[in-house]
Amino acid sequence: IEQTLSIIKPNAVAKNAIGAILSRFEAAGLQIVAARMLHMSKEQASAFYGIHQGKPFFDELVAFMTSGPVMVQVLEGEDAVAKNRDIMGATNPANAAPGTIRADFADSFTENAAHGSDAADTAAVEIAFFFPEGVCP
Ligand code: ATP
Ligand code: MG
């Protein structure tokens, strides 16, 4: 059993898609074991996306991620990291398969509706970032 960090990004929150997106995770057998809503500060977003610092899209990414509230959740299940990324679709929504979250809710490469951890080890770091107190036992 694996856990992954999922973020419903500001553009998807703004279009009232939280419920629709969480439903997709649950329908795929992923369990929501922690959740919180917050409006990230510039410092929080820069730290969360620290590995992208210096890349051409970094400033736009931080501006977008701080433009409104996000919904953050920990998803648990078999192969949760890969399953979540399948459900989200390709990072660039132009390449996202029909029926994926990004195909249905993205507005641009940056405003691509959802985040999901890319590996189990980064998931652990990202989960601790948003849930330092841990998740439900
Ligand atoms: P995420 O980390 O959000 O789940 P990812 O792992 O598929 O997505 P990363 O390469 O980690 O993609 O990029 C993080 C985020 O930065 C992307 O989800 C997207 O919002 C933005 N981004 C990445 N590459 C670009 C780009 N070339 N142009 C614009 N925005 C980008
Ligand atoms: Mg990533």
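Any read-out appearing in this document is the output of simple, stated calculations on the displayed coordinates, not a laboratory observation. These numbers were taken from a predicted model, which means no experiment stands behind them. Every residue, glycine among them, receives a Cβ derived from its backbone with ideal geometry; neighbour counts consider all protein chains shown.
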Original post:
Using the Karplus equation 6.51 cos²θ - 1.76 cosθ + 1.60 (θ = phi - 60°), what ³J(HN,Hα) coupling, rounded to whole Hz, does each residue of segment 55-62 give in order, writing x for Gly and Pro?
Top reply: 6, x, 8, 4, 4, 5, 5, 5
Subject >> Among Ser46, Gln31, Ala12 the positive-end extreme of the charge dipole of segment 3-137 (Cβ point charges) >> reply: Ala12
Subject >> Restraint check, Lys9/Lys83; Lys42/Lys83; Lys15/Lys55, Cα-Cα greater than 25 Å >> reply: Lys42/Lys83; Lys15/Lys55
**OP:** Run the quick spin-label model on Ile51 and Ala119: label points 7 Å from Cα toward the beta carbon, then report their separation in nm to one decimal.
**Re:** 0.7
**OP:** Quick one: plug the Kirkwood hydrodynamic radius of the chain (C-alpha pairs) into Stokes-Einstein at 10 °C, 1.306 mPa s, and report D in µm²/s.
**Re:** 107
Original post:
How big is the gap, in Å, between the Cα center of segment 52-82 and the Cα center of segment 102-137?
Top reply: 6
Subject >> Sites Asp107 and Glu133 - FRET efficiency at Förster radius 35 Å, r taken between beta-carbons, to 0.05 >> reply: 0.60
**OP:** Pull up all non-local amide H partners of Ala34: gap of 5 or more, or a different chain, and H-to-H distance under 5 Å with H placed in the peptide plane.
**Re:** Val74
Subject >> Total charge dipole magnitude, segment 1-116, about the Cα centre, Cβ charges on Lys, Arg, Asp, Glu only, Debye to nearest 20 >> reply: 180
Subject >> Amide H within-cut-off set for Asp79, under 5 Å, with H built and near neighbours excluded >> reply: Glu2
Original post:
Add -39500 (n - 2.57) for each DSSP H run of 4 or more in the chain, then divide by its residues: what number comes out at 222 nm, to the nearest 500 deg cm²/dmol?
Top reply: -10500 deg cm²/dmol
